[in-house]
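Undergrad: Provided herewith is a single structure, encoded as structure tokens, for subsequent inquiry.
Every read-out reported here was derived from the displayed coordinates using simple, explicitly stated rules and does not represent laboratory data. Note that the structure is predicted; figures quoted are calculated from it, not measured. Cβ coordinates were reconstructed from backbone atoms using ideal geometry, including for glycine residues, and neighbour counts include every protein chain displayed.
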Amino acid sequence: MDNLGYLFAAYTIIWAFVFGYVFFLYYKQRKLRQQMDLLKDSIGEQPNKDVAKVNTDDNAG
Amino acid sequence: MTTWAIEVEALSKSFGNNRALSDIDLKVGRGEHVTVFGPNGAGKTTLVRILSTLSKPSTGMVRMDGEDIRSDPAKIRRRIGMVSHETFLYDDLTVYENLKFYGKMYGIPSLEEHIHEVVSQVKLESRLYDRVGILSHGMQQRVSIARAMIHSPSVMFLDEPEVGLDPRAVIMLRDVLESINTPERTVVMTTHNLKQGLEMGDRVVILNRGKIVYQASKGDIDMANFPEVYEHYTGTAE
Amino acid sequence: MKGSVGKIFTIFWKDILLEIRTKEIITSVLVFALLVLVIFNFAFEPETATMGLVAPGILWVAFTFAGVLGLNRVFAIERGNSRLAGLLLCPVDHMVIYWGKLLGSFTFMLAIEIVVTPIFLALLNLPLLLPRLILIIVLATLGFTSVGTLFSALAINIRARDIMLPILFLPIVVPVVIAAVEATVVVLQGDPWGDMLTWLQIMIAFDIIYLVVSTLVFQYVVEA
Amino acid sequence: MDGRGALRHYILVGLGFALMVAALYMVFIYVPTDKNTGAVQRIFYFHVPLAWIGFLAFFVVFVCSILYLTKRDIKWDVIATASAEVGVVFTSLVLLTGSIWAKAAWGIWWTWDARLTATLVLWFTYVAYLLVRHYVTEDSQRARLSAVLGIVGFIDVPIVALAVMLWRTQHPGAMIFEGGLAPSMLATLIVCIAAFTVFYIILVTQSTRLKNMETDIRDIKNSKID
């Protein structure tokens, strides 16, 4: 049925957008993690401390 | 009534997560003339903007004549005059029209007399009906001083008034500034110009990276050594 | 309060004086609005039957785009020499500045419309004075300038301000444009008052809501 | 993210996943095909929730904007942006799926029907909102100006809706609330709305977390330069 084509198109677009957005978030997160690890290395902090902690320590020192 | 014209307590200002001022404490007595030195980006302009109610502090308190400046900013603004390197003037209006506009905004009674008074103070009587745009930059700056004087403010902020002026205009400007630098008027001036700043201030403050790093009364300062002191605290020569 | 009204007019008069000196807003925007009218007449076949239906749209497209152009200038005037700082240092509530600037932009836009509308009506061979159309124009212009003055102040703080003002402004004023066009259709076709009442109500509601909201939020746009 | 936050996150993701699977099952297998419009009617079960959540997202922007201007806590600004982003993504989908539906049901891609027009205006408003954010670099100024837009833009929604409604109406929406919907269809719609609501919450919290992380990293970099 002709109708089904439209249905298929609609759901394809929905999932393409949704996955696109989720992938964009994931990609951003990965990039940020890399940057953070790089920073932690250069500061010489223990890598398991979270960001906020690094921030205050850095200000104090 | 307190004797302080301006009291700044634990003042901080952040732009986003960028700290422009941190933990500033400063008291300025009535009629005192304070000069704030500091390199570019030290936070001088931010400090003046907050003191003059143009900008809101992130934390901390500013009082003028004992009143929180945030409680009734419009009332506080009446006491404040401001001269910066920007003139706040409309190039396409005459000197007279500019002064009349600002005078009306401040609700000055007998405005005509007042305009003539402030214009003669800055020695520009002959240019009263000229458009501001055709005046030299030095003259525009003098009109700007007249503008700031129109409502006889008790507190005057001079935010790097000499920036962008040629040496002759600076000398002229200094004469004019000195004439308004009367003992009963509180003046806070920011500048790069160590010589002029020292001449005009009773007290000197050095601001660096948003913090007050040095404070001294004029009497305690060794004038000849001051450039080294400045360099020591800011890491930059004048 | 009485002082505030005086100061609103002080700001207004200063803008009028500047406009008389420079003639920057009215002349250029007026020419622009007339050009839009002319260009649209090329775009559509000037047959009377279709023209009657398209004409209100043409008029309001001209006014909307001319409005954006004029509103761009409203706060641009205050940008040089940090004049905005000078205004904000004045001992008045920031609302006074909003209303002063609003009064100016409203007057400038109205001045342009007073010239353009009779020309537009003449092109359509209609009577040059339609009182109901004047009412529509006043209501719509108030709506345009209430939002437009706020956005004009907002736009001077951002990059690409010339293009951002229309992008911000046009979606918000959609209800005014629709109402103004539909009401103008009623007037041009000589239909009774009752037919345009709903549209007038929408414009009045828009005007009131945006005058109030803009007055309240203006301080956040100009503070730093 | 601390331990409890992580746990909450996994519960949410699990719940969202379960709901989405249920929603898909109901949309494609459980619910019967509509007699009048045929298979394409199944777009409706995603189209309507997307529209609802899009609207909810902009409402959240509105509320966060007011909170930012009163409390001056940057966290409200971050949530507002995240919500506006998700809202624009969802509203784009509403427009696209609506357009496909229109083509199938009425034979045209686009019609200036009231709800379509209002949605389009909404979309433009929040694209402008995101553009302004892009064009202002200083954090507190960006937060302040976009908060003003978040308020001014949202207030327009009812006026736009009213104006375009009087202008023209052609949309099939009203029947949902007039009991024209079979119970199985209603159940499917409700599950879909629930699934998308959870999904929206996940997206906004994740996006918020990333934006905070970005700021932290920038600050660390800046403080290292000093």
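Undergrad: Taking the Cα of C:Glu24, stepping 7 Å toward and past its beta carbon, and measuring to each backbone N in segment B:81-98: which are under 19 Å?
TA: Answer for segment B:81-98: B:86-98.
Undergrad: Let me ask another. Could you put A:Tyr21, B:Tyr230 in order, starting from the residue whose Cβ has the fewest other Cβ atoms within 10 Å?
TA: Fewest-to-most ranking of A:Tyr21, B:Tyr230: A:Tyr21, B:Tyr230.
Undergrad: Report the calculated FRET efficiency for B:His232 and B:Lys195 (r = Cβ-Cβ distance, R0 = 22 Å), to the nearest 0.05.
TA: Once rounded, the FRET efficiency stands at 0.80.
Undergrad: Also, I was wondering about something else. Got a sec to turn the phi values of segment D:9-15 into Karplus ³J(HN,Hα) couplings, 6.51 cos²θ - 1.76 cosθ + 1.60 with θ = phi - 60°, whole Hz, x for Gly and Pro?
TA: Going residue by residue, I get 4, 5, 4, 4, 4, x, 4 Hz, with x marking Gly and Pro.
Undergrad: Using the beta-carbon distance between C:Leu35 and A:Asp41 and R0 = 56 Å, what value does 1/(1 + (r/R0)^6) give for FRET efficiency, to the nearest 0.05?
TA: That gives a FRET efficiency of 0.35.
Undergrad: Okay, which of segment D:202-216 sit inside 20 Å, backbone N to the point 7 Å along the Cα-Cβ direction of A:Trp15?
TA: The answer is D:203, whose backbone nitrogens lie closer than 20 Å to the label point.
Undergrad: In addition: Over chain C, what is the relative contact order in whole percent, taking alpha-carbon pairs under 8 Å and six or more residues apart?
TA: 26
Undergrad: Show me, for segment C:131-145, the HN-Hα J-couplings you get by feeding each phi into the Karplus relation (A = 6.51, B = -1.76, C = 1.60, θ = phi - 60°), rounded to Hz, glycine and proline as x.
TA: x, 5, 5, 4, 4, 4, 4, 4, 5, 5, 5, 4, x, 4, 6
Undergrad: Which whole number in µm²/s is D for segment B:1-136 by Stokes-Einstein, with the Kirkwood Rh taken over Cα pairs at 20 °C and 1.002 mPa s?
TA: Stokes-Einstein gives a translational diffusion coefficient of 125 µm²/s.
Undergrad: Can I ask one more? How big is the dipole moment of the protein assembly as shown about its Cα centre under a simple scheme where the beta carbon of each Lys and Arg is +1, that of each Asp and Glu is -1, and everything else is neutral? Debye, nearest 20, please.
TA: Around 960 debye, computed over the protein assembly as shown.
Undergrad: Quick query: amide H of B:Ser12 versus all other amide H atoms, modeled in the peptide plane; which residues come in under 5 Å with a sequence gap of 5 or more or a different chain?
TA: Those qualifying (amide H under 5 Å, at least 5 residues apart or on another chain) are B:Asp23, B:Ile24, B:Ser58, B:Thr59, B:Gly60.
Undergrad: Right, next: Return the inverse of the average 1/r over all pairs of distinct C-alpha atoms in chain D, which is the Kirkwood hydrodynamic radius, in Å to one decimal.
TA: 19.3
Undergrad: Now for a separate question. What distance in nm separates the simple spin-label points at B:Asn18 and C:Arg79, each placed 7 Å from Cα in the Cβ direction?
TA: Using points 7 Å along Cα→Cβ, the separation is 2.0 nm.
Undergrad: Follow-up question, since we're still on this one. Go ahead and estimate [θ] at 222 nm for chain D from helices alone: -39,500 (n - 2.57) per DSSP H run with n ≥ 4, summed, over the residue count, rounded to 500.
TA: Calculated at 222 nm, the ellipticity per residue is -28500 deg cm²/dmol.
Undergrad: A follow-up question, please. Please report, in debye to the nearest 20, how large the charge dipole of segment D:3-225 is about its Cα centre when each Lys and Arg carries +1 at its beta carbon and each Asp and Glu carries -1 there.
TA: The calculation lands at about 380 debye.
Undergrad: Considering just Cα atoms, how many Å³ per residue does the convex hull of segment D:1-119 enclose?
TA: Hull volume over Cα atoms, normalised by residue count, gives 113 Å³.
Undergrad: Taking amide H positions as placed in the peptide plane 1.01 Å from N, state which residues far from B:Thr190 in sequence (5 or more) or on other chains have amide H under 5 Å from it.
TA: Close amide H contacts, sequence-distant or interchain: B:Val36, B:Leu158, B:Asp159, B:Glu160.
Undergrad: Jot down the radius of gyration and Dmax of chain B, Cα atoms only, both in angstrom.
TA: Computed over the Cα atoms of chain B, radius of gyration and Dmax are 17.7, 51 Å.
Undergrad: Using a 10 Å cut-off on Cβ atoms, rank the peptides C:134-142, D:20-28 from the highest mean neighbour count down.
TA: Those peptides, ordered most packed to least, come out C:134-142, D:20-28.
Undergrad: Okay, next question. Give the Rg (one decimal place) followed by the Dmax (whole number) of the protein assembly as shown, computed from C-alpha coordinates and expressed in Å.
TA: 30.5, 96
Undergrad: Per residue, what volume in Å³ does the Cα convex hull of segment C:2-223 take up?
TA: Hull volume over Cα atoms, normalised by residue count, gives 123 Å³.
Undergrad: Can you figure out the FRET efficiency of C:Arg159 with B:Met61, using R₀ = 56 Å and their beta-carbon distance, to the nearest 0.05?
TA: E between C:Arg159 and B:Met61, to the nearest 0.05, is 0.95.
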